[in-house]
Amino acid sequence: MLENKIYRAVAPAKVILAGEHSVVYGRYALASAIDLFTEVTIKPIPQNRFLVISDRFGTICVNRDYPEDVPGELKPIITILSELFTEAGNNGGCEISISAQAPPASGLGSSASVFVAVVAASLLMFKGYVDLDEVVQKSMLGERIAHANPSGVDVWISANGGSFLYRRGETPKRLSISYDLPVIIGLTGISRKTAAMVELFGKNLSRHIDGGKRILDLMNDIALREAVMLEKGDLQGAGELMILNHFILTEMGVSHDVLNRLVWASIEAGSYGAKLTGAGGGGAMLSLCGATDIDLVEMAIKRAGGNPLKAKSSKEGVKAWEEASQ
């Protein structure tokens, strides 16, 4: 580590195409990285402090000796940094700037992309290389603080890029998709806590006679079938499965009136299919579009009160590099 160097990393956000919530119960989720990125820059300093400059948090200085003074939402980042610096035997600190294109608390894995970029830049600084398995492992420390019982899909997708079938305890299966998935994301502007929505889903699931097994198995089947459709290039079939997935999530109580309005507005405008993406309760919805109707869907989401973002799938995961400090 040289103090005349700076270390940069970029990591993508993600969308869940199928299987949010059921993935927590050991079923498959279908997810894809998207071209909304978080960029992190780390400059090592000799002082025993972390100076965080963020478009979300502003500028905050944290003394490593007093981690309890960290604001709650910044705690996962500081915890990750503290562990990495301690493991490296480094008694100094860093200036770290964070800029995220995906809004927080929107179901797009913004926090995971921050953690992944922070870990990747830090590993490059201390070790001179980035190991993706270690990136995932260390990033999960932040995810557990932020979300209590995360599935791990967000950090995996951000670290590796591409589109995957993900299931806890298994090596994720990368989909063979030769084209960019054209999507419109509709932001509701309503923030929510992932942990609270996971708890709500679980509570509603437990009210079913079989403990919700049939619902979870159906959601698992949707994820598997949708993956096959996307590999075949059958966007119509994939879109229909997205709509079915949204119906289930709505019945399980984790959608929102605004989400439903944006979903149906996009379908009426000609999208192949749409659904909430992420934990629900606000956040964002996702619409799968064709090249000819993407502008119409964008306008429909805007007219329905949402903030539309055009995006496409990203095959690239986290990238890190070093530069000379100016």
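Residue count for the range 113-142, restricted to those that are surrounded by fewer than 19 Cβ atoms within 10 Å (Cβ to Cβ) and among the hydrophobic types (A, V, I, L, M, F, W, C): 3. Can you name the residue in the range 274-326 that is assigned to a loop (DSSP other than H, G, I, E, B) and of a type in the set (Ser, Thr, Tyr) and is also surrounded by the fewest Cβ atoms within 10 Å (Cβ to Cβ) among such residues? Selected residue: Thr292. The combined condition, being crowded, with 23+ Cβ neighbours inside 10 Å and without any contact (Cβ under 8 Å) to a residue 40 or more places away in the chain, is not fulfilled by Ala238. Which pairs do you get when a residue that is loosely packed, with under 13 Cβ neighbours inside 10 Å, found in the range 47-66, comes within reach of a residue that is in a loop (DSSP other than H, G, I, E, B), reach meaning Cβ atoms under 8 angstrom, with the pair 6+ apart or on two chains? Correct list of pairs: Asp65/Asn48. The residue of the range 1-23 that is nearest to the chain's Cα centre (by Cα), among those that are over 21 Å from Val228 (Cα atoms) and surrounded by 20 or more Cβ atoms within 10 Å (Cβ to Cβ), is Ala13. Per the conditions (1) at pLDDT below 95; (2) under 19 Å from Leu36 (Cα atoms), the sole criterion not satisfied by Thr171 is (2). For the range 159-177, check the following and say yes or no: at least one residue is part of a helix (DSSP H, G or I) and either more than 14 Å from Lys319 (Cα to Cα) or touching a residue at least 40 places away in the same chain (Cβ under 8 Å) (or both). Within the range 159-177, one or more residues are part of a helix (DSSP H, G or I) and either more than 14 Å from Lys319 (Cα to Cα) or touching a residue at least 40 places away in the same chain (Cβ under 8 Å) (or both). Residues in the range 182-195 that are modelled with pLDDT under 90 and either surrounded by fewer than 14 Cβ atoms within 10 Å (Cβ to Cβ) or out of contact with any Pro (no Cβ under 8 Å at 6 or more places or on another chain) (or both): 5 in all.
Entry remark, the range 143-181: residues being more than 29 Å from Ile301 (Cβ to Cβ) and either surrounded by fewer than 17 Cβ atoms within 10 Å (Cβ to Cβ) or among the aromatic types (Phe, Trp, Tyr) (or both) number 10 in total. Every condition in (1) in contact (Cβ under 8 Å) with a residue 60 or more places away in the chain; (2) in contact with a strand residue (DSSP E or B) (Cβ under 8 Å, 6 or more places away or on another chain) holds for Ile96 except the one numbered (1).
Could you tell me whether Ala102 is among the hydrophobic types (A, V, I, L, M, F, W, C), modelled with pLDDT under 95, in a helix (DSSP H, G or I) and closer than 26 Å to Thr194 by Cα? No. Gly162 meets each of the listed conditions (1) in contact with a strand residue (DSSP E or B) (Cβ under 7 Å, 6 or more places away or on another chain); (2) of a type in the set (Gly, Ala, Ser); (3) closer than 27 Å to Leu74 by Cβ apart from (3). Strands (runs of 3 or more DSSP E) fully within the range 1-83 that include at least 3 residues being closer than 24 Å to Gly169 by Cβ and among the aliphatic types (A, V, I, L, M): 5-18, 29-45.
The values are calculated or read from the model by the stated rules, or taken from the named source; none is laboratory data. Note that this is a predicted model, so its numbers are computed, not measured. Note: ideal-geometry Cβ built from the backbone for every residue, glycine included; neighbour counts use all protein chains shown.
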